[in-house]
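What follows is one structure encoded as C-alpha cells, with my remarks underneath.
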Amino acid sequence: MKKIVLDDKAIERALARVAHEIIERNKGTENLVILGIPTRGYHLALRLRKKIEEIEGVCLPVGAVDATLYRDDLGIKKDQPSLKRMEIPPVDGKKVVMVDDVLFTGRTIRAAMNALMDFGRPLAIQLAVLVDRGHRELPIKADYIGKNLPTSRKEGVKVHLSETDGVNEVVVTVAPAEGTKQ
Amino acid sequence: MNRLVIKGGRVVDPAQNLDGFYNIYVMGGRVASIKKVEADTSEVGTGVDVVDATGLVVVPGLIDPHVHLREPGYEYKEDISTGAKAAAAGGFTAVMCMANTKPVNDNESVTRYILKKAEGQPVRVYPVGAVTQGQKGERLTEMSELKSAGCVAVSDDGVPISDPGLMRRALEYSSQFQMPVITHAEDARLVGHGSMNEGVVATRLGLKGIPNAAEDVIVARDISLAELTGGRLHVAHVSTRGSVELIRRAKERGVKVTAEATPHHLTLTDEAVIGYRTEAKMNPPLRDKEDVEALRAGIKDGTIDCVATDHAPHASIEKDVEFDKAANGIIGLETAFSVVYGLVEEGVLTLTEAVRAMSCGPAKAFKLAGGKLSVGSPADIAIFDLNRSWTVEPAKLKSKSKNTPWAGKELKGVAVKTILGGVVVYTKE
Amino acid sequence: MRLKRKDLLGIEDLTRDELELILSTAASFKEVSEREIKKVPTLRGKTVINLFYEPSTRTRTSFEIAAKRMSADAVNISVSTSSVVKGETLRDTARNLEAMRPDCIVVRHASSGTPHMLAGFVGCSVVNAGDGAHEHPSQALLDMLTVKEKKGTLAGLKIAIVGDIAHSRVARSNIYGFTKMGSEVTVAGPPTMLPAGIEKLGCKVTSNVEDALKGTDVIMMLRIQMERQSESFFPTVREYSRVYGLDETKLKRAKDDVIILHPGPINRGVEISSEVADGPYSLILDQVTNGVAVRMAIFYLLLGTAKEEQQIQAGKV
C-alpha cells in the first residue's frame, strides 16, 4: 500500500518556501554554502540553489557531503552502503545549509555534521529537509521543513525526484499488518 | 599346535590363479589344505578355531615393500609397535621398513634392534639396510653384515644416490648377497627447491615445481647401470609415465628390475594440492592425470610389480606449517587396500590384479615368504569385506601420525581379520 | 553491494563484479587522503595486525596508513623466521594471534599459500599482502586502479608484463585481474622465467619482448632479483638488461600514449633504464598513492560490515 503525500507541484511549492525562509533567516545570501547529502539531498540542494538564484540573483556554492564513512550503523547493517559523492567547498567561517530529503532518526545528520567538521569549522550549520517524519533518536531538529509528516515507525517514507527516479513525489508506504507475508 | 579353518570365503590367490570359494585349513602356522567349499565334506574337529568368511574375501596377507616405521630415532612420528598395528589393521602381514632412521640402519646393531622390537608384533618386519654409510652417499655399507643380520634389500630411500659411480658399485656389490638395491630415483638438482609437480597447478599456486624429468633421468641411469652390472634394481614409488615406459622396455630386454607404485600416485593428481594441502605433499610429488593413467596401466600389465604405501608418518609440527617447509609424505598402511580396491570398483583393475600387486608381487620381488596361500605357505592371510564402507577418521587410526589425504573420505573395502602364522592378530570391531 | 567474503587472499577467486566494487570504492577513498584531516572514523575500534614475515617497508607502510586513515588500530609484527624454525605450527601462530582479538590480519610471507592456511585457522579477516610467488592482490588492484584512471577503462587494453614471471606474485595477480576486466595480457621473459602452463591463466606468452611491446597500452616491468643469476635463470645482468630491459628504443614499439608500471623498487639500468623510469610515461608514484586508497577500500569492504554475519561466514571456513 502506498499513498502519495506530496506531488510534483507540492514539492516545488515547499522548496520555494524553504528557499524564501533561508534567505529571510540569513538576511540575504552572504556567506552561505549549501551542502546536500547524497543522493537525493544533493539534488534538492541544487534545486534550492536555483530557487535562491531566481529570488536573489546570487548563485551559491553547492557541495555534497557523504555521511557513509561516519555512520554509526556500519557494524549492524547487513548491506554495506556504497560510497557516494564527497565534494566540499571551503566551509571555514561559512554558514552551511545542509540539505536532506527525509529527516527521521537524525543519525544521518549527526554523521554528516561529523564529516563536515573534518573539513573545517563552519560559522553555523543549518538543516533543511523536504520531509520531517518524526521519531528522532538524537537531539536534532530541522531549521527549514518542506512538510511535517507524522508517521508511524512501521511506515516508510520515500522521496522520488525526477533526477534520480524520473518522477517527483513523496510517498508513504504502509507496512503490512503483522503476521501477513510480504 | 594351533589349528584354524577359514570357511566359506571367496579366496583370491593370484600366485595360484585361484579365485573361488574355498575352505582353508591351517595347521602349525602354515596352510595345511585348501578345499573347494562345495566339495568339502570334512568335519571340523574339536580344538579347531573356525573363522566364518561367508560373504568375505580371503587373500594372502598383504606385503608392503616400503614403509617408514621411524624407530629408532623418530618415535614421536611412529614406532615399530604402532606402525605394525596400523599395518595389521590394513590387512598387511609383512612390511619392509626403510633405513632412514636415526641412527641410520647401516649396521647390524640397528638391524637387530629393529628386529628385536618387531618380535611379537602383528606383522613380519623386514628391515631394509642403507646403501651408504649414514646415507651420506659416500661409502658403501657392510652389506654382508646387514644381510646376515636380517636385511632383505638395501636403499638410501629419502636421499637419492647422486653419484652414478657409487650407484654402479652398489648394484655390483649387493648382487652377491641377493639384496636388491631400491632406488629413490630423483635428481636432487632437478628437484631443486620444488615442492610439488611442475605444471599449471604449481604455477597457479606459486609453488616451485618438480619436473617428471627429475625422476626419469635417474630411472634411466639406474636401469643402464643394472644392465651394465647385472645387479638387481627395484625402483621405489614410480610416479611418472616416463619411468613406467623405461621400466617396461628394460623388463623386455631382461634387465633385472622391479618397481612399485603407491596408492596415492595411482589415484591422486597434483590437483589434490590445491588449497595448499600439506597432506598432499610428498616426494615424488603427485603428478598429472596422464601419469596416473600410465601407472595404472603399469600395474595392470605387470610392469609395476608392487603397490607400496611409502607409509611416511609425520607429526603436526612437520605438516601444519608453510607448504614449502612441510615434510614430504603421508601415512598409508590403513587406507592402502581400500584405495586400491577403489580402482577395482572403478573397473581399472581386477581384484586379482590388485591383490597380486599387494601380495605375491612384493613377495617375488624381494623373495619373501608369504604372498600366496598354497599348501605349506605361511598362513599369513587377510580377510576383507568388500561391501563395507568406512570413513577415514584420522583420530581413530592406529598410526601415531594423522597425515592422510583421505581424512573424512568414505572408502570401500575393510580388513575385518588379519591372520599371521595361523593366529588371528587383528579383528575389526 | 558488499564483498561477501571473510578474506582477500588472491585475485584468482574474485569475480569481475567484486573487482569493480573494490576499484570504485578505492576511487572514492582517494579523496580522504587529499583532505587536511586525513582520517575517517569508519573503522574505529577495529584492530588490524600487519604480520610481515618478509621485510617490505613500502607495502607494510601502505597498509598501516590505510588502516589508520580509517581509524583502525594498526599493529605491526615483523617476524624473521618461519614457524618451522620457531618450532611452532602455523595453527599455533594463528591461535595466538587470534587470542588478541584482531579484526584483520594482513600477512606477507615468503612461502606461497601461508595467508590461505592462516585464514583457515582464524575467524577474523585475512588479507594477503604477498605470498611467495603466488599472489599480491592489493598490488594488482592498485595497478588496475592506476590504469583505469589513465585510460578510463580496462576493457580492450593491451597489457604487457615483462620479466621474471616465474617468481612473480605481482604477475600472477595482474594476469587474473586484467584478464577478468577484459584486457588482453601478454607476458614476456626469458624461457627460464616463464613457468609451466602460464598460458592457461588466460594470457599470451612470448620470449620476444619486441613482440610483446608492439602496440601495447600498458607495460608492467617486473623487478629482477639479482640472485637469479647464480641460479642460471639468466647468464648476466648485462645480457638480461640488453634483451629484456626497457629502454627508449624498445618503448617505441608501444602505443604513443603507453603508460609504464613497476611494482618497485626499481633496479635502474637493469629492467628499466633511468630515462624511461623518470619519463612521462611512468606512473610509479601514482601507484604508491593509489596503493593507500585500494587498501582503505579493502579494509572498508572486509571490516565495515555486520559482525554477526562475519562470524557466520567464519564458521564456514
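Distances between every pair of Cα atoms in segment C:58-183, grouped in 5 Å steps from 0 to the bin holding the largest one, split as 2, 10, 17, 20, 18, 15, 10, 6, 3, 1, 0 percent.
Once you compute Rg and the Kirkwood Rh from C-alpha atoms, what is the Rg to Rh ratio for segment B:53-107? The partial results should precede the final answer.
Numbers: Rg = 13.7 Å, Rh = 12.3 Å.
Radius of gyration over Kirkwood radius for segment B:53-107 works out to 1.11.
Shielding of peptide C:130-139 by partners, expressed as the average count of other chain Cβ atoms within 10 Å per residue Cβ, is 3. At q = 0.08, 0.14, 0.16, 0.21 Å⁻¹, work out log10 I(q)/I(0) for segment C:136-288 with the Debye formula, treating every Cα as an identical point scatterer and leaving solvent out; two decimals please. Debye curve over Cα of segment C:136-288, log10 I(q)/I(0) at q = 0.08, 0.14, 0.16, 0.21 Å⁻¹: -0.18, -0.59, -0.79, -1.47. Computed from protein heavy atoms with a 1.4 Å probe, the total accessible area buried between C and A is close to 1600 Å². Here the sum of -39500 (n - 2.57) over DSSP H runs of 4 or more residues, divided by the residues of chain C, equals -12000 deg cm²/dmol at 222 nm, to the nearest 500. Residues C:79, B:59, ordered by accessible area of protein heavy atoms at a 1.4 angstrom probe radius and largest first, appear as C:79, B:59. For segment B:62-366, DSSP calls about 5 percent of its internal beta bridges antiparallel. In the complete set of protein chains, residue-level accessible area for residue C:134 is approximately 20 Å², probe 1.4 angstrom.
Which value in deg cm²/dmol, rounded to the nearest 500, describes the helix-derived mean residue ellipticity at 222 nm for chain A, given -39,500 (n - 2.57) per DSSP H run of n ≥ 4 and division by the residue count? It lands at -8500 deg cm²/dmol. The distance linking segment B:181-208 with segment B:380-429 is 31 Å (Cα centroid to Cα centroid, whole angstrom).
Each of residue A:124 and residue B:44 was given a label point 7 Å from its Cα along the Cα-to-Cβ line. The distance between the two points is 10.6 nm.
Loop-only check: which trypsin sites (Lys or Arg not before Pro) in segment B:99-151 are DSSP coil with at most 14 other Cβ within 10 angstrom?
B:136, B:139
Bridge orientation summary for the protein assembly as shown: considering DSSP beta bridges with both residues in this region, about 35 percent are antiparallel. Note on the protein assembly as shown: percent of Cα-Cα distances in each 10 Å bin, starting at 0 and stopping at the bin with the largest distance, equals 2, 11, 16, 17, 15, 13, 10, 7, 5, 3, 1, 0, 0.
Starting from the Cα gyration tensor of segment C:1-116, take the square roots of the eigenvalues, sort them a ≥ b ≥ c, and report rounded, prolate or oblate (rounded when a/c is under 1.5, otherwise prolate if a/b is larger than b/c, else oblate). It comes out prolate by the Cα gyration axes. Shape class for segment C:1-52, computed from the alpha carbon gyration tensor (a ≥ b ≥ c): oblate, with a/c not under 1.5 and a/b at or below b/c.
Counting only C-alpha contacts under 8 Å and six or more residues apart, can you give the relative contact order of chain C as a whole percent? The partial results should precede the final answer.
On the way: 610 pairs, mean separation 65.9, N = 317.
That works out to 21 percent.
Each principal axis of chain C carries a Cα extent, and these read 55, 45, 35 Å when sorted largest first. Cα-based values for chain B, radius of gyration first and Dmax second, are 20.7, 67 Å.
In the full protein context, chain C carries 38 Å² of accessible surface per residue, based on a 1.4 Å probe and ignoring ligands, DNA and RNA.
Computed with a 1.4 Å probe over protein heavy atoms only, the accessible area of residue A:42 comes to about 30 Å². Restricting the trypsin sites (Lys or Arg not before Pro) of segment C:187-289 to loop positions (DSSP other than H, G, I, E, B) with no more than 13 neighbouring Cβ atoms within 10 Å leaves C:252. Relative to the longest principal axis of the C-alpha atoms of chain B, give the angle of the C-alpha long axis of helix B:336-346, reported between 0 and 90° and rounded to the nearest 10°. That works out to roughly 80 degrees. Taking max minus min of the alpha-carbon positions on each principal axis, segment B:381-429 gives extents of 33, 27, 16 Å, largest first.
For segment C:1-81, applying the loop criterion from DSSP together with a ceiling of 12 other beta carbons within 10 Å to the GluC sites (Glu not before Pro) yields C:36.
Only helical runs count toward this figure. For chain B, summing -39,500 (n - 2.57) over DSSP H runs of n ≥ 4 and dividing by all residues gives -8500 deg cm²/dmol at 222 nm.
The modelled label-to-label distance for the pair residue A:13/residue C:149, using points 7 Å beyond Cα in the direction of Cβ, is 5.0 nm. Ratio of Rg to Rh for segment B:96-151: 0.97 [Cα atoms; Kirkwood radius as inverse mean 1/r over pairs]. Kirkwood hydrodynamic radius computed over segment C:180-244 comes to 13.0 Å, based on all pairs of distinct alpha carbons. Summary of the geometry: segment C:1-61 and segment B:15-77, compared by the centres of their Cα atoms, lie 64 Å apart.
Once ligands and nucleic acids are excluded and a 1.4 Å probe is used, how much of residue B:317 is accessible, expressed in Å² to the nearest 10? Counting only protein heavy atoms, the figure is 60 Å². Of the listed residues B:113, B:76, B:25, the order by accessible area with a 1.4 Å probe, largest first, is B:76, B:113, B:25.
If a/c stays under 1.5 just call it rounded; otherwise compare a/b with b/c (prolate if a/b is bigger, oblate if not). Do that for segment C:130-213, with a ≥ b ≥ c from the square roots of the Cα gyration tensor eigenvalues. Please list the in-between numbers first.
Details: a/c = 1.94, a/b = 1.27, b/c = 1.52.
Oblate, because a/c is 1.5 or more while a/b does not exceed b/c.
Within segment A:1-122, the ratio Rg/Rh, alpha carbon atoms throughout and Rh by Kirkwood, equals 0.99. Sorted largest first, the principal axis extents computed over the alpha-carbon atoms of segment C:195-280 equal 37, 32, 20 Å. Indicate the residues belonging to segment A:117-141 that lose 10 Å² or more of solvent-accessible heavy-atom surface (probe 1.4 Å) upon moving from the chain alone to the assembly of all protein chains, ignoring ligands and nucleic acids. Residues of segment A:117-141 that lose at least 10 Å² of accessible area once the other chains are added: A:118, A:119.
Centre-to-centre separation between the Cα atoms of segment A:7-28 and those of segment C:207-285: 62 Å.
The values are calculated or read from the model by the stated rules, or taken from the named source; none is laboratory data. Quick caveat: nothing in here was measured; it's all calculated off a predicted structure. Don't worry about glycine lacking a Cβ; one is built from the backbone with ideal geometry, like all the others, and counts go over all protein chains shown. In case anyone asks, the SASA skips ligands and DNA or RNA and just uses the protein heavy atoms, side chains included. Shrake-Rupley method; radii C 1.70, N 1.55, O 1.52, S 1.80 Å.
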